[in-house]
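Taking it in order: structure first as structure tokens, then the write-up.
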Amino acid sequence: MWWGTAIEAPDPGALAVFYARLLGWEVVQMAEDQAIVTPPQPGVYMVFQRAEDWTAPVWPPVPGAQRPMMHLDFEVGDLEEAVGEAISFGATLAEDQPQERVRVMFDPAGHPFCLCLDGD
């Protein structure tokens, strides 16, 4: 059974709060080196762990720079509203936007994530 995902960050608590606000989830554990966020349904978690030597990934990838190893995709009903909300929580909009129905964003630690317009 899949339990969740662990994401490294220089400030795990701040990143946990960001994703909890973005997703409407709850921060269920907050410690100096680790924070955990969970959705309303039980059994799945996002764990944020401190990385002292954190280097934010570069997107789009650039040879020789830290590239994203993974990213999160979130489906939204209103793309521009979701972008505005994410920015109000501390995200930034990537300069390069390769798809009309997707917005590439960066969380406060610099991880890329995508807001994807639902298929309706």
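The values are calculated or read from the model by the stated rules, or taken from the named source; none is laboratory data. Values in this document were obtained by computation on a predicted structure and should not be read as measured data. Cβ: placed from backbone, ideal geometry, glycine included. Neighbour counts: every protein chain shown.
Brief remarks on what is shown
- Of all the criteria given as (1) in contact with a Pro (Cβ under 7 Å, 6 or more places away or on another chain); (2) in a strand (DSSP E or B), the one not satisfied by residue 15 is (2).
- Any chance residue 44 is among the hydrophobic types (A, V, I, L, M, F, W, C), touching a Gly at 6+ places or on another chain (Cβ under 7 Å) and over 15 Å from residue 17 (Cα atoms): yes
- Look at (1) surrounded by fewer than 17 Cβ atoms within 10 Å (Cβ to Cβ); (2) not in a helix (DSSP H, G or I) and you find that residue 35 fails only one, number (1).
- Restricted to region 69-95, and to residues there that are part of a loop (DSSP other than H, G, I, E, B) and surrounded by fewer than 16 Cβ atoms within 10 Å (Cβ to Cβ), the residue that is nearest to the chain's Cα centre (by Cα) is 71.
- Scanning region 56-66 for residues that are within 22 Å of residue 86 (Cα to Cα) and without any contact (Cβ under 8 Å) to a residue 24 or more places away in the chain gives a single hit, 58.
- Among the residues of region 1-30, those identified as exposed (fewer than 15 other Cβ atoms within 10 Å of the Cβ) and closer than 20 Å to residue 69 by Cβ are 2, 3, 4, 5, 6.
- Hey, residue 42 free of Cβ contacts under 8 Å to residues at least 24 places away in the same chain and not assigned by TED's automatic domain parsing to the domain that holds residue 104 or not: yes
- Extreme residue, modelled with the lowest pLDDT, among residues of region 43-53 that are of a type outside the set (Val, Ile, Thr), assigned to a loop (DSSP other than H, G, I, E, B) and closer than 20 Å to residue 27 by Cβ: 43
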